[in-house]
1. Are any residues in segment 119-145 crowded, with 17+ Cβ neighbours inside 10 Å, under 19 Å from residue 75 (Cα atoms) and touching a helix residue (DSSP H, G or I) at 6+ places or on another chain (Cβ under 6 Å), and if so, which ones?
2. Within the group 232, 259, which residue is assigned to a loop (DSSP other than H, G, I, E, B), in contact (Cβ under 8 Å) with a residue 24 or more places away in the chain and either more than 18 Å from the chain's Cα centre (by Cα) or within 30 Å of residue 297 (Cβ to Cβ) (or both)?
3. Among residues belonging to segment 287-307 that are outside any helix (DSSP H, G or I) and in contact (Cβ under 8 Å) with a residue 40 or more places away in the chain, point out the one that is nearest to residue 265 (Cα to Cα).
4. Being surrounded by fewer than 16 Cβ atoms within 10 Å (Cβ to Cβ) and touching a residue at least 60 places away in the same chain (Cβ under 8 Å), is that true of even one residue in segment 197-209?
5. Out of all the residues in segment 311-340, which are in contact with a helix residue (DSSP H, G or I) (Cβ under 8 Å, 6 or more places away or on another chain) and closer than 17 Å to residue 39 by Cα?
6. Answer yes or no: is there a residue in segment 276-284 that is within 21 Å of the chain's Cα centre (by Cα), closer than 30 Å to residue 358 by Cβ and surrounded by fewer than 17 Cβ atoms within 10 Å (Cβ to Cβ).
7. May I ask you to list pairs of residues, at least six apart or on different chains, whose Cβ atoms are under 7 Å apart, with the first in segment 346-366 being within 15 Å of residue 306 (Cα to Cα) and the second being in a helix (DSSP H, G or I)?
8. Is it the case that segment 152-168 has a residue that's modelled with pLDDT of 95 or more, touching a helix residue (DSSP H, G or I) at 6+ places or on another chain (Cβ under 7 Å), in a helix (DSSP H, G or I) and closer than 18 Å to residue 76 by Cβ?
């Protein structure tokens, strides 16, 4: 099993952007140093709490500072972009990374981003995401002349082509035919997971969804593989979780529920954001619960895997048995101000040095 990190990233809005960029970059470098296999960086345009607008621009700063870790966009919200620009930027980044690039895509998940780009219709948003990716793959698979006509996107290069000068040619990625594609998923019984399975992509189950919802993603993955005639492979499935490891179970529990801690802030923010977008069902331990009956401490208890390194190992083994055979575990990153950064680095080291070898051993024994 592989170990990665998923970074929204999420910070309190009062923190200066340059400070959080430095912190997040240092976290990527540390993940590479302690043996993480991959890291995924989110993007948003209209939230000071999630201030990275272009994950590839941010990750470019990590390229000369890291050696082995794969660098992923988590995710490029395609309806908010021109696919011609994304195709060129992703191809460029893949060459700069010499193949250390994972291309995560999605329809978006922030209501203010939807509003500013005029993408508030969820059906149209889904259509645009799929069509944008088809446009990107068309560019990567072909030489000029280019002619693409869709419902939402149209472009061509048919006149201004000078082959001997390379004019009119769009770049192709370093990885042939394309980088691995990741698709984010947070809905129970997500149709996105089924799409990902059919297309040979890798679904990424969000860290803030309950266990039953993660298990439903594996069911939809199996459905998509069956429809496409593809053998299901759990190594294509990534699952994100918030994880806290401390010297004792009680210390880890205190860190998880500390009202001034990063984990409490993380889930308080997400709960309010999902309620504001009328999509609280994604986070509820029981989808039939009324919003007013949901208690944040109960959510944290159910969604965060915390304890000593031995306890966390046991919990992760049980979690994987319950939800399905995912091949990559993504530790969700939290804000690192105050004592939170030291606690997170301790968790990262314990995950790499202790938990993952024993988790791998348990999977072999099973």
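1. Within segment 119-145, 119, 125, 128, 129, 132, 135, 136 qualify.
2. Selected residue: 232, the only one of 232, 259 that is assigned to a loop (DSSP other than H, G, I, E, B), in contact (Cβ under 8 Å) with a residue 24 or more places away in the chain and either more than 18 Å from the chain's Cα centre (by Cα) or within 30 Å of residue 297 (Cβ to Cβ) (or both).
3. Across segment 287-307, the extreme among qualifying residues is 304.
4. No: segment 197-209 contains no residue that is surrounded by fewer than 16 Cβ atoms within 10 Å (Cβ to Cβ) and touching a residue at least 60 places away in the same chain (Cβ under 8 Å).
5. 326, 327, 328, 329, 331, 332, 333, 334, 335, 336
6. The answer is no; no qualifying residue exists.
7. Filtered contacts from segment 346-366: 348/30; 348/31; 350/309; 354/309; 355/309; 355/312; 355/313; 355/316.
8. Step one: of segment 152-168, the residues modelled with pLDDT of 95 or more are 152-168.
Among the residues that remain, those that are also touching a helix residue (DSSP H, G or I) at 6+ places or on another chain (Cβ under 7 Å) are: 152-153, 155.
With the extra rule that they be in a helix (DSSP H, G or I), the set shrinks to none.
No, segment 152-168 has no match at all.
The values are calculated or read from the model by the stated rules, or taken from the named source; none is laboratory data. This one's a predicted model, so the numbers in the text were calculated from it and none came from an experiment. Cβ atoms come from the backbone with ideal geometry, glycine included; neighbour counts cover every protein chain shown.
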